[in-house]
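Single-structure report; data block below.
The values are calculated or read from the model by the stated rules, or taken from the named source; none is laboratory data. All values reported here derive from a predicted model rather than from experimental measurement. FYI the Cβ positions are ideal-geometry reconstructions off the backbone, even for glycines, and counts take in every protein chain you see.
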Amino acid sequence: MLICGIKTTHDGGVALIDDGRLVFSYEMEKLNNNHRYAKIEDLSIVFDLLIEHGYRPEDVDHYVLDGWFKTHKVLSWQGQEVEITLAPYRRGLIDTDVLRPYSFQTQDLSYLSFTHYAGHVASGYVTSPFAQAGQGSYVLSWDGWMFPFLYYIDGETRQVTSCGPVMPLIGEAYNQLGSLFPPFDEPIEYPHVLAQAGKIMAYVALGQAREEVIEHLGNVTEAAFRHVLGAGRDDDHFYTVENGKKILKEMKKTTAVQGVSADDMLTSLHVFLQRKLVEGVRRVVAESPFPDRNLVVVGGCALNIKWNSALRDSEVFDHVWVPPFPNDAGSALGTASAAMLSQSDRASLSWNVYSGPPLNAPDPLPSWKQQPCTLEDLALILHEQDEPVVFLNGLAELGPRALGNRSILAPAGSAKMKDLLNEYKERASYRPVAPICLQERAPEVFAPGSPDPYMLFDHQVRAEWVDRVPAICHLDGTARLQTVTAEENQAIFQLLTAYEALSGIPLLCNTSANFNGSGFFPDVRSAMEWGRIRLIWSDGTLYVRGE
């Protein structure tokens, strides 16, 4: 069965599944330096990508569109405007069948659509190791305009059961309540506001969690929930986007605590939401009859590495899995996964995180010199010259985080390197720089240092390593670690191995290679036009900016 998933709204993308195998998943922002969160305005890109990969558009068994707030959307197709009807955004919360398909017809195109929520739930499970092993799993889905709901997917029957809401706060609570306090109280235009939550997560390292504030926030949440609930029944039908907005509106009136600094308020808010999340999950699981203690975490809130770590450390579950695309960057793949689960007999997907767009052919600027350069040669340059390099290799990563193929890599031995990289990236000074580390050496440098190939958990930098790799230490002594094996990324593994042999350090700094406000660089020329780093490595060639 050939399934093509499409997300037309922000974080637009196209994904293709062929008999349970992911062929590709392209986010629009990763094509031609498109802006972050780019939409699909012209459906012809879908058919162009199919043909590019050797498929005929008429061979697709199911075109599947991700659901959204507005159920109608006008797009261009074959030079004409067509009105596309989408499934609802979040009806999966109150529908007895989360994976219920909606069927539509426009022009000559027949297609299915699933709720946005269904896509998150489906993509998280089918890509998980639990699905690969035929095991059941809980799925926690918490997105910006959704309440956190817990589901259970049976590994044999693929039946999805709703276990209910975890707590009465939509994911936007983190952004909207956090935006009451400096430095996040300045208005931000859409779509840049979508990056606000990640900035808050980094900033909370500056403050201290205060128990009296956490208690106050609990009281404010309960009061707002009861105010909005009124005389209504507290069941799944209460958990609508509209009620979520009303709860936040009530909370904003009394969130701040007099005499408490903005930094401490933000950190207390973070810890309050983290505790509520863990407490709620613990409660719902205790009331559920399912034996498996596996958890999949999806939705935009699953990009919060500290919350993921708290769930992992809660001992409620034996195993916790977060895909590298838990947010809307994975929604094209997600809606295709929902179709695979509901329209075929497959429950697991064969996939690779490096299934994004290939690099465009090199078209170097004449002012840049080029020379052959092995990965061992590059390791020596990094060790001896102690400067960053743009590293472009193979297919792009899925999801919002550079995982080695569209990265800026740099030695981590100087604290100044973090400041330099943030300056190059035009980011605030409090933003951390992530380490990319050999998996076998990670436990020596980090606690726990367990395998983390997609940068989705929090790790403490061990005391004896803090002075050796200060560039990757966050303000609270943690790091957003990415571990690497030879099987996961041969080129990065080879580079890190060679670099460790020279320096004794099994890691490098890793941040994304892109124009500010755009997706990853699609080619070497883009990195040259950006021009802030004088070294670019790609496919065995080193490009050096002319002085």
- Message: So for the range 407-427 (the condition being among the aromatic types (Phe, Trp, Tyr) and without any contact (Cβ under 8 Å) to a residue 40 or more places away in the chain), does at least one residue qualify?
- Response: no
- Task: Could you grab the pairs with beta carbons closer than 6 Å, sequence gap of 6+ or different chains, first residue in the range 1-18 and without any contact (Cβ under 8 Å) to a residue 24 or more places away in the chain and within 11 Å of LEU333 (Cβ to Cβ), second one polar (S, T, N, Q) and buried (at least 24 other Cβ atoms within 10 Å of the Cβ)?
- Result: none
- Query: So how many residues does the range 502-522 have that are surrounded by fewer than 22 Cβ atoms within 10 Å (Cβ to Cβ) and either of a type in the set (A, V, I, L, M) or without any contact (Cβ under 8 Å) to a residue 12 or more places away in the chain (or both)?
  - Reply: 3
- Message: Pairs needed: first member in the range 287-308, more than 22 Å from ALA434 (Cα to Cα); second member anywhere, in a helix (DSSP H, G or I) and of a type outside the set (Gly, Ala, Ser); C-beta distance under 6 Å; at least 6 residues apart or different chains.
- Response: ASN294/PHE130; VAL296/TYR125
- Item | Test for TYR190: is it of a type outside the set (D, E, K, R), within 24 Å of the chain's Cα centre (by Cα), assigned to a loop (DSSP other than H, G, I, E, B) and not assigned by TED's automatic domain parsing to the domain that holds LEU333 | yes
- Kindly indicate whether SER113 is among the polar types (S, T, N, Q), more than 28 Å from LEU456 (Cβ to Cβ), surrounded by 17 or more Cβ atoms within 10 Å (Cβ to Cβ) and at pLDDT 85 or above. yes
- Query: In this structure, does TYR63 turn out to be surrounded by 12 or more Cβ atoms within 10 Å (Cβ to Cβ), within 23 Å of ASP143 (Cβ to Cβ), touching a residue at least 24 places away in the same chain (Cβ under 8 Å) and not hydrophobic (A, V, I, L, M, F, W, C)?
  - Reply: no
- Item | Those residues of the range 481-501 which are touching a His at 6+ places or on another chain (Cβ under 8 Å) and in contact (Cβ under 8 Å) with a residue 60 or more places away in the chain, in sequence order | TYR499
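Quick one: which helices (runs of 4 or more DSSP H) sit completely within the range 260-351 and have at least 2 residues that are of a type in the set (A, V, I, L, M), within 20 Å of PRO400 (Cα to Cα) and in the same structural domain as ARG100 (by TED's automatic domain parsing)?
The helices (runs of 4 or more DSSP H) meeting that bar are 331-343.
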- Considering ALA195, ALA202, which residue is at pLDDT below 95, within 29 Å of ARG480 (Cβ to Cβ), among the hydrophobic types (A, V, I, L, M, F, W, C) and not in a loop (DSSP other than H, G, I, E, B)? ALA195
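Quick one: which residue in ARG525, ARG468 is surrounded by fewer than 24 Cβ atoms within 10 Å (Cβ to Cβ), at negative phi, among the basic types (Lys, Arg) and assigned to a loop (DSSP other than H, G, I, E, B)?
So the residue among ARG525, ARG468 that is surrounded by fewer than 24 Cβ atoms within 10 Å (Cβ to Cβ), at negative phi, among the basic types (Lys, Arg) and assigned to a loop (DSSP other than H, G, I, E, B) is ARG468.
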